[in-house]
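Worksheet: the structure to be examined is printed underneath.
The values are calculated or read from the model by the stated rules, or taken from the named source; none is laboratory data. Note that the structure is predicted; figures quoted are calculated from it, not measured. As a convention, Cβ positions derive from the backbone with ideal geometry for all residues, glycine included, and neighbour counts pool all protein chains shown.
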Amino acid sequence: MCDGATQSGSRFGLRVQPMVHVDDIAKSIDFYQALGGKLLFGSRDGDWVLMQFEDSTISLLAHAPGDGKLETVELQFVSATPLDALEDHVKSIDPRLIDRGVADEAFGRMLKLKTPDGLLIKILELERDLIE
């Protein structure tokens with residue numbers, strides 16, 4: 001375990017909350033709700049929302065980063081649902097959202113999706129005996 005970290009969280013109570021910059025907030029909300037996200041709340045001007053997935057949250061912001069630099073963060077989810085069922089669900093909504101169907105990887109299986117803004121999202125189905 002890293003120095004200063006605890007099992008219950010970071011030393012300072014910090015939690016990771018990815019910020020995804022989007023072009024169309026409504027389409028993005030629909031996309032993440034289709035993956036099981038719950039809309040918690042948003043800003044008064046309607047350009048930011050917070051969504052929840054189990055014990056994780058993600059922020060959606062309807063404008064580019066202030067500094068104009070290219071973002072290099074990758075968005076990844078771990079699924080408790082078999083990926084075949086999730087892939088079928090996404091296909092029923094819009095098959096164009098699937099970048100690559102379920103495939104075997106060294107850690108388990110992965111499904112790659114594209115958000116309405118073209119952001120690549122990886123959804124993992126981990127197999128503990130392959131990674132421990």
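Applying the selection to segment 74-132, what residues are of a type in the set (Val, Ile, Thr), surrounded by 14 or more Cβ atoms within 10 Å (Cβ to Cβ) and under 19 Å from residue 52 (Cβ atoms)? 115, 121, 123 - these are the residues of segment 74-132 that are of a type in the set (Val, Ile, Thr), surrounded by 14 or more Cβ atoms within 10 Å (Cβ to Cβ) and under 19 Å from residue 52 (Cβ atoms). Being farther than 22 Å from residue 58 by Cβ and touching a residue at least 12 places away in the same chain (Cβ under 8 Å) is the filter here; which residues of segment 110-132 pass it? Answer for segment 110-132, where residues must be farther than 22 Å from residue 58 by Cβ and touching a residue at least 12 places away in the same chain (Cβ under 8 Å): 127, 130, 131.
Residues in segment 81-124 that are of a type in the set (Gly, Ala, Ser) and more than 14 Å from the chain's Cα centre (by Cα): 85, 92, 101, 103, 106, 108. The residues in segment 18-55 that are farther than 22 Å from residue 118 by Cβ and polar (S, T, N, Q) can be counted, and the count is 2.
Quick one: is residue 96 at pLDDT 90 or above, among the basic types (Lys, Arg), under 25 Å from residue 126 (Cα atoms) and in contact with a Lys or Arg (Cβ under 9 Å, 6 or more places away or on another chain)? Here the answer is yes, as residue 96 does meet what is asked. The residues in segment 62-84 that are among the hydrophobic types (A, V, I, L, M, F, W, C), out of contact with any Ser or Thr (no Cβ under 9 Å at 6 or more places or on another chain) and at pLDDT 90 or above can be counted, and the count is 1. If you check 40, 97, 83 for being touching a residue at least 40 places away in the same chain (Cβ under 8 Å) and over 17 Å from residue 24 (Cβ atoms), only one passes: 83.
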